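What follows is calculated from the coordinates using simple rules that are stated; it is not laboratory data. This one's a predicted model, so the numbers in the text were calculated from it and none came from an experiment. Cβ placement follows ideal geometry from the backbone for every residue including glycine, while neighbour counts extend to all protein chains displayed.
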Amino acid sequence: MQKRSLGRSELVVSPLCFGGNVFGWTADRDMSFKLLDAFLDSGCNFIDTADGYSRWVEGHKGGESETILGEWFAARGNRDKVVLATKIGCDMGPGRQGLSRDRIITGVEDSLRRLRTDYIDLYQTHFDDEDTPVAETLEAYATLVKAGKVRVIGTSNMSIERLQESLAASQAAGLPRYETLQPEYNLCERQTFESTFAPFCAKEQISVIPYFSLAAGFLTGKYRSQADLEGRARAARAGRYVNERGFRILDALDNVAAETGKTQAQVALAWLMARPTVTAPIASATSLDQLAELVGALSLTLSSEAMVKLDAAST
């Protein structure tokens, strides 16, 4: 497994990132531990979470995923074997919003406590706060980097204009710069990233860590009708692709999967791993079988013919 650097930093990660949104939501504590053990045993080392996971669940207040990860680190004593990414910027309730200096300084302490660690490898802006100047946010991150609490910073869900402004501010003031971008990017969602962000990320050597890499499960091939969506946690999002274009993409995935002896999900992940600027797609699993399938994508290198076929179906 050839590992990859995050931006211009010294952090080196596996080409697959485990999405921690499931911890404490669709994977309970015991299953989360089993999944994390298996992921690390596979040779992978990159895990992504956020302070807001899983605030959207009734009865949750946020921090559930970080808490489970922290308990796993404490139980296994393996913090140094993981490149840990988390985020700030989610609405965590009154007085705990945005990206002001005070919010970042207090928010990182909350995350560190839940994660049971004294440092975060990759600390990311989850949602931009356009009411806060980029310089204020970056100066807060600089304080954390200087204190050794954060190693590298990244961003997600940010406009290209604000990303450009942030990099300019970092360069002008000698502040840490965003080394990673976490956008929505997959075979179903290409236009926005490829037309706007991809050239900029390539130019600035910003590593891309796509989320919804499997289009909320649609690219696994399990949603081929509205009936297939009933009772699914991500039915609303996956349902956007149950249409003519979506079926065309699934047909191409089916074809390449048959040619390679792999699954549709593995082909979809391999396509992402082969894209310029992509360092590690994020994918989640709630069972050991699902995780084994995701990891299996690491052994798949798609031919140029397969890439062309998938590109044509998804344009």
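Remarks
- For region 3-126, share of DSSP beta bridges that run antiparallel, in % to the nearest 5: 15 percent
- Ranked by the mean number of other Cβ atoms within 10 Å of their residues, highest first, the peptides 174-182, 255-263 come out as 174-182, 255-263.
- Anisotropy class of region 1-132 from Cα gyration tensor, a/c 1.5 cut: oblate
- Its Cα centre serving as origin, the chain has a Cβ charge dipole (Lys and Arg +1, Asp and Glu -1) of approximately 340 debye.
- GluC sites (Glu not before Pro) within region 6-68, DSSP loop, no more than 12 other Cβ atoms inside 10 Å: E10, E58
- Estimated inter-spin distance, Q2 and T301, nm [label 7 Å along Cα→Cβ]: 0.7 nm
- Note: relative contact order over region 4-182, using C-alpha pairs below 8 Å and six or more positions apart, is 18 percent.
- Reachable lysines, given that their alpha-carbon falls under 28 Å from the alpha-carbon of K87 and they are not under 8 places away in the same chain: K3, K34, K61, K146, K149, K203
- The chain - mean residue ellipticity at 222 nm from DSSP helices (-39,500 (n - 2.57) per run, n ≥ 4, rounded to 500): -12500 deg cm²/dmol
- Estimated at 0.36 nm per residue, the fully extended path between R162 and D28 surpasses their Cα-Cα distance by 44.5 nm.
- DSSP-defined antiparallel bridges as percent of all bridges, the chain, nearest 5: 5 percent
- Tensor-based shape of region 181-315 (alpha-carbon gyration tensor, a/c under 1.5 rounded, otherwise prolate or oblate): rounded
- Additional length obtainable on full extension of the chain from T196 to N255, 0.36 nm per residue less Cα span: 18.3 nm
- FRET efficiency for S225 and A135, using Cβ-Cβ distance with R0 set to 35 Å, rounded to 0.05: 0.10
- Percent RCO, i.e. relative contact order, over the chain, from Cα pairs under 8 Å lying at least 6 residues apart: 18 percent
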